[in-house]
Amino acid sequence: MKHDYWEIVQAMPAAEMADLMRRFEDLGLYGVWSPQLQSLPFPTLAAAAMVTKRLKLGSGIALAFTRCPMETALNALDIDRLSGGRMVLGLGTGVREWNESHYGIEYGKPVAHLREIVTTVRAIIEKGHTGELGQIDGAYHKLDLRSFRIGREPVRSSIPIHVPALFENTVALAGEVADGLLGHPVWSLKWIAQTAALLERTLAAKARKRSDVHVNLWNYAAIANDRKQAIDDMRGTVAFYSSIAQYQKYYAAHGFGAQAIAASEAASRKDTAAMLKAIPDEMVTTFAIAGTPDDARERVAKMWEYADSMTLSSPHYFVPPERMNTYRSAIVDTLYKA
């Protein structure tokens, strides 16, 4: 394998987890991410740590606001210990609705909130065993850690913290305070180039080097000899993300604002057919990899101009499970084994 690819894993029975992790290591993958969607990332990563030797283990992403910084830091330290130093802590805001409606917590000003979480978690990871933490007087968390001390030294002096981004302000945050940037899975090639330039400027302003921040680009990929079928199967995933009201200005910046609004309105009516109809082919191929193996290789080659590693997923929404598996296999055959 010429490049470093990550895969995504969620909770599953232990025997299935062990088999999947063996296959990932045999493929030479770089790491696995476990997202906080319908399950929590940390138990899955702990299970993966027990049956792997080389894979990086990342929370991709853990919602930053739904647990206190202490709990997040201790989870990361435990998985780093279980894995012998392979933990990567991905922390993101998520969308406002998930935080406020599903978890019942304060979203606040998300970029400032995430900055506070990242710096607080990093302090606990790096100094929690020294007794030097003192008091942390944040806008969202006020902690008195003068009496707190982890009883043993961590596996390593720091754990890399990666921040995901859709918009420019979170890209800048990654350049200022993080060790890695996770590009949103609907980033277009145009957006990738623009954010890469912004990241470089931010790093320069902070006297940091590009090598100080690991860039992991995500994208959805439907690869098939039938280009039309690939586009049709990816349409639902693009429609899902387009329907998120918080993302509409992103689509508007690409000239697809009206289509995103139509998808959002259709989603509010639970009208799947209208959601799909709102998304033209050009919109699908702007925000996702959808086409023949040659189409996929060409687009991925452009992405590698900016990426240190990459995470590719099959279409996830409004597509039959058996076809999702077919597209997973196509990613492996077209890109991992190239």
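The values are calculated or read from the model by the stated rules, or taken from the named source; none is laboratory data. Remember, it's a predicted structure, so these values are computed and weren't measured experimentally. FYI the Cβ positions are ideal-geometry reconstructions off the backbone, even for glycines, and counts take in every protein chain you see. These accessible areas exclude ligands, DNA and RNA; they are computed on the full protein's heavy atoms, side chains included. Shrake-Rupley method; radii C 1.70, N 1.55, O 1.52, S 1.80 Å.
Being open to solvent by less than 30 Å² (accessible area, probe 1.4 Å) and of a type in the set (K, R) holds for only one residue in R122, R86, R81, and it is R86. A single member of T286, T292, T311 is of a type in the set (S, T, N, Q), within 20 Å of the chain's Cα centre (by Cα) and farther than 28 Å from L57 by Cα, and it is T286.
If you take the residues in region 89-119 that are among the acidic types (D, E) and closer than 21 Å to D137 by Cα, which one is surrounded by the fewest Cβ atoms within 10 Å (Cβ to Cβ)?
Our first condition is that a residue be among the acidic types (D, E); within region 89-119, this holds for 97, 100, 106, 116.
Narrowing the set further to residues that are closer than 21 Å to D137 by Cα leaves 106, 116.
Details: E106: 10, E116: 21.
Per the stated criteria, the residue is E106.
Evaluate the following for L203: is it at pLDDT 95 or above, in contact with an Asp or Glu (Cβ under 8 Å, 6 or more places away or on another chain) and either open to solvent by less than 30 Å² (accessible area, probe 1.4 Å) or part of a loop (DSSP other than H, G, I, E, B) (or both)? In short, yes. Of all residues in region 272-326, those satisfying the criterion of being basic (K, R) and either within 22 Å of N216 (Cβ to Cβ) or without any contact (Cβ under 8 Å) to a residue 60 or more places away in the chain (or both) are K277, R297, R299, K302.
Output the residues belonging to region 32-59 that are touching a Lys or Arg at 6+ places or on another chain (Cβ under 6 Å) and among the aliphatic types (A, V, I, L, M).
Of region 32-59, the ones touching a Lys or Arg at 6+ places or on another chain (Cβ under 6 Å) are 56-57.
Selection gives L57 alone.
Is it true that some residue in region 313-322 is open to solvent by less than 30 Å² (accessible area, probe 1.4 Å), of a type outside the set (G, A, S) and touching a strand residue (DSSP E or B) at 6+ places or on another chain (Cβ under 6 Å)? Yes, that holds for at least one residue. Restricting L181, L173 to residues that are in contact (Cβ under 8 Å) with a residue 60 or more places away in the chain and among the aliphatic types (A, V, I, L, M) narrows the list to L173. If you go through region 132-180 and keep only what is under 22 Å from K249 (Cα atoms) and open to solvent by less than 70 Å² (accessible area, probe 1.4 Å), you end up with V163, P164, A165, L166, F167, T170, V171, A172, L173, A174.
Within region 118-140, the set of residues being closer than 18 Å to D78 by Cβ, touching a residue at least 12 places away in the same chain (Cβ under 8 Å) and assigned to a helix (DSSP H, G or I) comprises T120, V121, R122, A123, I124, I125, E126.
Kindly check whether there is at least one residue in region 250-262 that is open to solvent by 10 Å² or more (accessible area, probe 1.4 Å), assigned to a loop (DSSP other than H, G, I, E, B) and among the aliphatic types (A, V, I, L, M). I'd like the intermediate steps shown before the answer.
So the first thing to find is which residues in region 250-262 are open to solvent by 10 Å² or more (accessible area, probe 1.4 Å), and the list is 252-259, 261-262.
This time we only want the ones that are assigned to a loop (DSSP other than H, G, I, E, B), so: 254-256.
If we keep only those that are among the aliphatic types (A, V, I, L, M) as well, we get none.
No, region 250-262 contains no residue that is open to solvent by 10 Å² or more (accessible area, probe 1.4 Å), assigned to a loop (DSSP other than H, G, I, E, B) and among the aliphatic types (A, V, I, L, M).
Where helices (runs of 4 or more DSSP H) fall entirely within region 266-310, those with at least 3 residues that are over 18 Å from D233 (Cα atoms) and open to solvent by 30 Å² or more (accessible area, probe 1.4 Å) are at 293-303. Of all residues in region 181-192, those being in a loop (DSSP other than H, G, I, E, B) and either of a type in the set (A, V, I, L, M) or open to solvent by less than 10 Å² (accessible area, probe 1.4 Å) (or both) number 3. Checked against (1) more than 15 Å from W187 (Cα to Cα); (2) in a helix (DSSP H, G or I), V319 passes all but a single condition, namely (2). For A197, are the conditions met, namely being of a type in the set (G, A, S), within 22 Å of the chain's Cα centre (by Cα) and open to solvent by less than 40 Å² (accessible area, probe 1.4 Å)? It is false that A197 is of a type in the set (G, A, S), within 22 Å of the chain's Cα centre (by Cα) and open to solvent by less than 40 Å² (accessible area, probe 1.4 Å).
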